[in-house]
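The values are calculated or read from the model by the stated rules, or taken from the named source; none is laboratory data. Predicted model, so just to flag it, every value in this text is computed and none were measured. Counting neighbours? That spans all protein chains shown, and the Cβs are built from the backbone with ideal geometry, glycine included.
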Amino acid sequence: MVAVASSMIAMAPLMDKHASMVIVGLGVSNVCAICVLPWYAKNPPMHDVETSNKHVPECYRDLLKGARVLLPLSYAINGVLAPLLPFVLAGIAIDIFWQTPIVSVWMISRVLVSAAMWRFGKEESSCGVDSEISSTSTGTSWHGKWSVLWLAISSLGLGFILILCANTLAVVLIGLILFGAGMGATYYISLYYAMAVGHAEVDAGGKHEAFIGGGYMLGPIAGFVSLQIASSGAEATDASGFMPIIYVVLAIFALAILALALFCIKAR
């Protein structure tokens, strides 16, 4: 997350007349990254079975199902939104130099939310209705709470709509912050419950990444369907031009909300 935000800011001076050099810079960065490999152990450490097999609250399994609704949804929306952001920013007359630093705001928001969830997440928690969940003495743990999933999907949806309907920079920034917060929360929640329920096995992480891959696949498909629904092939540079995309994405959101609601009701 930090790497993406940093690169978005670093490429700003090149975007106007030397955009192709960004690819060269990324290639050099990857070559430099290879140089750190000697510091890694030749053989990975043994899996800590005792720690990873400690008691996991039963409700985590239901929460994992809900999180796996949000995870591919978040990456699908990201896949739809990313190619549209240049048009959004051009539509409100943002200079090309500032476009990538502005877009980095959503990734910075994602980093901050992920860091906050790590800081305020406590391992000791029991399950039940949110208001009745007992946690540590600080009472700040988000573990075992369905409300966190609902906040995440709400943040994703509201952020997406604000970005595509924005007519000022302030609205775009608010949308990016909300969208990034939803992405950060969704990713962290999904990974936490996947590793807790899966006892930190390789298969648990593999499934987590597979759901992300599904989202990356769904995003372009949703964008393609949106283009087919559009009444004209004119280039979209304002909110009215984005309406077909918004409608398709809202339909996906509706299905995700329905699935999340069913898992939530079943868990109660």
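Observations, loosely collected:
- Looking only at region 181-209, residues that are of a type in the set (A, V, I, L, M), in a helix (DSSP H, G or I) and modelled with pLDDT under 90 come to 5 in all.
- Screening residue 201 on (1) closer than 29 Å to residue 61 by Cβ; (2) surrounded by 24 or more Cβ atoms within 10 Å (Cβ to Cβ) shows it passes everything except condition (2).
- When every residue of region 29-44 is checked against the conditions, none turns out to be assigned to a helix (DSSP H, G or I), touching a helix residue (DSSP H, G or I) at 6+ places or on another chain (Cβ under 9 Å) and in contact (Cβ under 8 Å) with a residue 60 or more places away in the chain.
- Exactly one residue out of 227, 258 is modelled with pLDDT of 80 or more, over 18 Å from the mean Cα position of the chain (by Cα) and either outside any helix (DSSP H, G or I) or surrounded by fewer than 20 Cβ atoms within 10 Å (Cβ to Cβ) (or both), and it is 258.
- Cross-chain or 6+ apart pairs with Cβ under 6 Å, region 249-267 first and farther than 25 Å from residue 59 by Cβ, then loosely packed, with under 12 Cβ neighbours inside 10 Å and at pLDDT below 90: none
- Boolean, residue 131 is at pLDDT below 90, over 18 Å from the mean Cα position of the chain (by Cα) and not in a helix (DSSP H, G or I): no
- Region 160-180 - residue that is in a helix (DSSP H, G or I) and of a type in the set (Val, Ile, Thr) and, of those, nearest to residue 95 (Cα to Cα): 172
- Filter pass, residue 173 being within 28 Å of residue 120 (Cα to Cα), surrounded by fewer than 20 Cβ atoms within 10 Å (Cβ to Cβ) and at pLDDT 90 or above: yes
- Selection from region 14-25 of residues that are in contact (Cβ under 8 Å) with a residue 40 or more places away in the chain and surrounded by 12 or more Cβ atoms within 10 Å (Cβ to Cβ): 15
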